[in-house]
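Step one of this worksheet: look at the structure below.
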Amino acid sequence: MNICTYVSAISMKPKQYLIAVYKDTKTLDNLMAGSTAVLQLLHRSQSGLVNVLGKKSGRNTDKQKYLERKNALITWNEHKVLSDACAWVELKPAGKTETGGDHVLFYFDVIRFKTNSDKSCLMVSTLISEGRILG
């Protein structure tokens, strides 16, 4: 699991997303191998997870084990997901583009999604005001 700040819906029919993924990360390795991904829209109460999911490498930290100890995971469509997330979107990589910068852009087709709540979703502005990320 990773925190993605740069995510954008790019098509309604078919439903598609564009996600920028940092280079030299385990997330990038997983996506390059062609695995599906689950985009999770975090609830405001999950802002504390940014420190583990976004500021630590999956190469050095077993994020799933950490989340299991916190009883924060459930299984949805055979994927371990955050139980209190506002939404889950299962994605299939459809293409990628090198940016020349520190991210790789991935295009994804939506396989399925589930909205759990449309209230109190975590926004970048909340993370900035809480001092979890720089604005």
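Distance between the modelled labels on THR115 and VAL52, one decimal in nanometres: 2.9 nm (7 Å Cα→Cβ projection). Pairs of Lys residues in the chain that lie 8 or more places apart, or on two chains, and have C-alpha atoms under 12 angstrom apart add up to 6. For SER83, nonlocal amide neighbours, meaning residues 5 or more places apart or on other chains whose placed amide H falls under 5 Å from its own, are LEU73, ILE74.
Subtracting the Cα-Cα distance of ILE128 and THR36 from their residue separation scaled by 0.36 nm leaves 30.2 nm. Normalised by the number of residues in the chain, the mean separation of alpha-carbon contacts (under 8 Å, six or more apart) gives a relative contact order of 31 percent.
The residue list PHE108, LEU39, GLN64 was ranked by how far each Cα lies along the charge dipole of the stretch 7-129 toward its positive end, using unit charges on Cβ atoms, and GLN64 comes out on top. By the beta-carbon count within 10 Å of each Cβ, the least crowded to most crowded order of THR97, THR75, fewest first, is THR75, THR97.
For the stretch 22-30, backbone phi angles converted through the Karplus equation (6.51, -1.76, 1.60; θ = phi - 60°) give residue-by-residue couplings of 4, 6, 6, 10, 5, 4, 4, 4, 4 Hz, Gly and Pro being listed as x.
Near THR61, no amide H atom lies under 5 Å from its own; only residues 5 or more places off or on other chains count, and H is placed 1.01 Å from N.
Here, each number is a calculation from the coordinates, and none is a lab measurement. Here the structure is a predicted model, which is why all the values come from computation and not from measurement. Counting neighbours? That spans all protein chains shown, and the Cβs are built from the backbone with ideal geometry, glycine included.
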